Each structure stands twice: as structure tokens, then as C-alpha cells.
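Report on one structure; see the data block that follows.
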Amino acid sequence: MQGALGSSSRSMDKILVHGGYPLSGSIKISGSKNSALPIIAASLLTRDPCVLHRVPDLSDTNYMLQILMHLGAEVERASGTVTVKAEKVESIAPYEIVRKMRASVCVLGPLLGRCKEATVSLPGGCVIGDRPIDLHLKGFQSLGAAVRVENGNVKVFAPKLTGAIVSLRGKFGPTVLGTDNVMMAAVLAEGTTVIEGAAAEPEVCDLADFLNKMGAKIEGAGTRRIIIEGVHELHGAEHHIIPDRIETGTFLVAGAICGKGITLNRVCPGHVASVTTALTEAGYKVVTTENSISVSPNGSVPKALELVTEPYPGFPTDMQAQMCALLSTTEGISTITENVFPQRYMHLAELKRMGAQVQIEGATAIIQGVERLYGAPVMASDLRASAALVLAGLKADGVTEVRRVYHIDRGYEHLDEKLSELGAHIERVKE
Ligand code: EPU
């Protein structure tokens, strides 16, 4: 398979950002990582080929394809198009295969749906906080599955899955991959399943669209109540992955932090409304068309904001770190309260090394805007944190050296090349 190991050989690279070069021009946004991952997993639900377009070339999507190959699927990749044919499927995904990516847990639902059993190594700890899968498992149990956790593996099995009312309401709001997982198991259950407290993220809608193309009967995706009428079998389908709203948001912040005016093409403006609203409130000019967004300064000094991360359509947790970078450079005191992953603040210590003035109180970051950030060697701790450090580097005086670039390769397709296209002075070098 082409590209399966595409990014790993570059995993020890570092990115050097020479700050202070204003961005202008336009780029195209890639397909969504968080849509592609469960949609690739959903291809396990049929023996027929599934053709997926606009699959971003990322280490996470490549891991997911490797997991599918390990499970017995045939995978072909030709640039952005991936074809998966899972004629026969194993139901066991061991630690060596799934340990690299937490999202591998989303093979549980399709394997349970198709094979009526699945054993997947439990995801380990995560730098953005404790990430349990209790709600996923509770959902499977509601459908009649037994769940056993032993030797670091979770095993789910059911002679038959039966539609049921499944409540996925959690302490921190709805669960995205939990909703995906239950949906993927329930499409082949007998009878009707109603998911209450479902996640309404655009990626959940994209998965439901793909499953419906495969012959599933799902209604209500995009609301808190999803209704799934089980069918006997699914067939192959062809699908275009939606644009990545977090990549869109990240480039919007790049344009705000250091732009003369940039345009992002091939986007869904509706999916990033909370981000464009925040940027407009801060004083940037944002212009949208049906599938493009432009951001530019509007002549006034950008202002402080008070933001709270929430499930969609609220302000996304996956944009919190990037926004911390931006608000470090706007006038006044901003606050961001992280309601989805309350401990997701590893990037702040690194931003402080670049001159940001930030403190944390509980789940709230209090950010005093500064006139200048300074380039420094910094360490990426997770995907979005790494992006935030690159964004801060665009604005900073001097050179910012971002290490552990493999985090960026997990979720941004050619971030450095796209920023270069916009005029950033950024280079990728070997450690
Ligand atoms: N939660 C539970 N129990 C569960 C599942 C989740 O308590 O069984 C909690 C989590 O600990 C968290 C909250 O519920 O506090 C929401 O977590 P969720 O399950 O929605 O997260 P996820 O589905 O594992 C996806 C994205 C994340 C994104 C979150 C929130 C994928 C592959 N990942 O994760 O994306 O932050 O939703 O929107 O879709 C990223 O792309 O950088 C990323 C981390």
C-alpha cells in the first residue's frame, strides 16, 4: 500500500519558524482526520469494496489503514483515494497494532457489528487528559453485548445485537467516538436503536452519511437523538470525506495572528462558525462564501476574548491551544475555559517560554496579551499543542524551533508546505 508508512521516517524532524513574515494568498483545506478515521473503520462492515476520496495523508489515517490490513482487509491508496475491501475480517486488534493511536478504539463498533465479537487493546493514557471508553462499552452492553476487560484488552461479544435505547450522556458532555462506535454496531443489530445524548459533531454526520450510502438506515445525525433501524447487511459505497474543520480553524488563526489577508478554499464555513464568530468579535475581518473563508486585519487593534470550549456547535476543544497562541498577542486579558478536556493545557508552559503571560485557574487559562513573543526552542506535547507553537512562532521575533514534529504529522497534511505557500518562512529539518 502506498503511503502507509509515509510520515514515520520523518518523525524525528523539527520545524523552524522564522517569525514576522506576514501571510497572504490562498490554500486548499484537506479532508477531515476525525471523519476519515471512523469512516475507514466503517469499511469493515461490508465484504464489498468501499472507495473513500479526500482521505488526508496523515500518520493517524495511515495507522488506521494498517490496523485494517492487520485485520485482513485489502487496502489500496492512490493519492487522496483509498479503497478498502474487507472480504474476510479478524476480530482481534492487539496492542502492537493499536497502541500508537487512541482512535483505533473505533474499530470496536464495526467488528462487533460484523463479527459479533471484538477484542481490542485498551487505549492507554493521553497527554490531553484521562480518556476513558466507559460510555462506548455501556452503549455496546445496551445492545446486548457482554464486555470483559482483561490483560489490557477489552473484549465485547454478543450472539446477537438487539436495538435498544442507548444513553451516551457523560460527565463532560457527549462522546464523539462513543457515538460513532455505537452507531457502527447498531446498524447491523436487530430492531431499532435510539442513541440519546449523541454527539452532534459534523464528523458524526459524515459517518452517518457514509453508513447510509452503505445501506444503513440512520436518522437524526447532527442532533442529540440518533435513530438507527438495523438492517441485515451493508454493501460497498463511495464517499468524499468532509473538509477538516480544525485544520480550517488553525489556518484562520494563522491568518489572524500574522496575516495581511488569506483565503481558505474547499471548506465548510458552517462547521467553523464558532471560530469565525470569535475572530470577528476579536476584531478581525472574516468573509465567507459557500466554500471559502477569508480572514484579514480590519484596521483596529485585536481585542481580548472570553471563550469556553464545548461540544459542537460550541467552540471546539481542538482549537483551544491555537486560540491561546492568538490571544497571547491581542490586547487585554482573555480567558479560555476548557470544558471538554479540563487538563488540556500542556502547551501553556511552552508558550510561556516564548514570552506569553498565562496562568491556569482550575480549567480556565487566563491570558494577558503581550506586545511581543520571542522565538525559542519548544517541545510539542500533542497534535493541537504543536500547531499552537507553530502559530506563535509565526508572530514571534526570531526563530522558534518546534521539536517532536511527529505530533503535527498525526493530524495536519503538509502544514509546513501550506504555510510556506502563504509566505511563512518555515523549514523542516532533521533533529
Ligand atoms: N468521555 C468519557 N467516557 C467515554 C468517552 C469520553 O468520560 O467513554 C469523556 C472524555 O474524557 C472527554 C469527553 O467525554 O472529557 C469528550 O470526549 P470524546 O469521547 O468526545 O472524545 P473522542 O471521541 O475520544 C474526539 C476527537 C478528539 C476531540 C474530541 C472532542 C477523534 C479521532 N478524536 O475524541 O480530537 O478532541 O472528540 O471533540 O475524533 C484531535 O483531533 O486533536 C482530537 C483530540
So who's got an amide H within less than 5 Å of the one on Ser32, skipping anything under 5 residues away but keeping other chains? H placed 1.01 Å off N, in plane.
Ile242, Asp244
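Enumerate by residue number the trypsin sites (Lys or Arg not before Pro) in region 152-237 meeting two conditions: DSSP loop (anything except H, G, I, E, B), and at most 15 other Cβ atoms within 10 Å of the site's Cβ. The partial results should precede the final answer.
Working: sites: Lys155, Lys160, Arg169, Lys171, Lys213, Lys217, Arg224, Arg225; in loops: Lys160, Arg169, Lys171, Arg224.
Counting only loop positions with at most 15 other Cβ atoms within 10 Å, the trypsin sites (Lys or Arg not before Pro) in region 152-237 are Lys160, Arg169, Lys171.
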Sequence-distant residues sharing a close amide H with Ser167 (under 5 Å, placed H):
Glu196
Could you state the accessible area per residue of region 213-348 in Å², with a 1.4 Å probe and every protein chain left in place?
40
Kindly provide the trypsin sites (Lys or Arg not before Pro) of region 17-103 that DSSP labels as loop, not H, G, I, E or B, and whose Cβ sees at most 13 other Cβ atoms within 10 Å.
Lys88
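State the percentage of accessible surface on the chain attributable to carbon and sulfur atoms; use a 1.4 Å probe and exclude ligands, DNA and RNA. Provide the component values of the computation, followed by the final result.
On the way: 8250 of 16790 Å².
Solvent-exposed carbon and sulfur of the chain make up 49 percent of the total.
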Sorted by accessible area (1.4 Å probe), largest first, how do His240, His347 line up?
His240, His347
With every protein chain left in place, what is the accessible area of Tyr21 in Å² (1.4 Å probe, nearest 10)?
100
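Figure the gain on full extension for Thr280 and Asn151 (residue separation times 0.36 nm, minus the Cα-Cα span) and round it to one decimal in nm. Walk me through the numbers before you get to the answer.
Values: separation 129, 0.36 × 129 = 46.44 nm, distance 5.06 nm.
Working it through step by step, the gained length comes to 41.4 nm.
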Simple Cβ-charge dipole of region 6-113, Lys/Arg +1 and Asp/Glu -1, about Cα centre, in debye nearest 20
280
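Please give the per residue accessible area of region 12-70, computed with a probe of 1.4 Å over protein heavy atoms only, in Å².
On the way: 1610 Å² over 59 residues.
Normalised by residue count, the accessible surface of region 12-70 is 27 Å².
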Cα to Cα, under 12 Å, and not fewer than 8 places away if on the same chain: which aspartates and glutamates meet these conditions relative to Lys395?
Glu371
Charges on Cβ only, +1 for Lys and Arg, -1 for Asp and Glu, centred on the Cα centroid of region 97-225; of Ala118, Ile218, Ala185, which one is farthest towards the dipole's positive end?
Ala118
Counting only the heavy atoms of the protein chains, how much of Cys205 is accessible to a 1.4 Å probe, in Å² to the nearest 10?
40
23 Å Cα-Cα threshold exceeded, pairs from Lys116/Lys138; Lys260/Lys352; Lys171/Lys213; Lys88/Lys116; Lys14/Lys100
Lys260/Lys352; Lys171/Lys213
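With the Cα gyration tensor of region 81-203 giving a ≥ b ≥ c as the square roots of its eigenvalues, does the rule (a/c under 1.5 for rounded; else a/b larger than b/c for prolate; else oblate) give rounded, prolate or oblate?
On the way: a/c = 1.33, a/b = 1.05, b/c = 1.27.
Rounded, since a/c falls under 1.5.
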Determine how large the accessible area of Ile333 is when every protein chain is in place; take a 1.4 Å probe and give Å² rounded to the nearest 10.
100
How about region 251-344: which trypsin sites (Lys or Arg not before Pro) there are in a DSSP loop, with at most 16 other Cβ atoms within 10 Å of their Cβ?
Arg266
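The values are calculated or read from the model by the stated rules, or taken from the named source; none is laboratory data. Just so it is clear, the structure is predicted and the values come from calculations on it, not from any experiment. As a convention, Cβ positions derive from the backbone with ideal geometry for all residues, glycine included, and neighbour counts pool all protein chains shown. These accessible areas exclude ligands, DNA and RNA; they are computed on the full protein's heavy atoms, side chains included. Shrake-Rupley method; radii C 1.70, N 1.55, O 1.52, S 1.80 Å.
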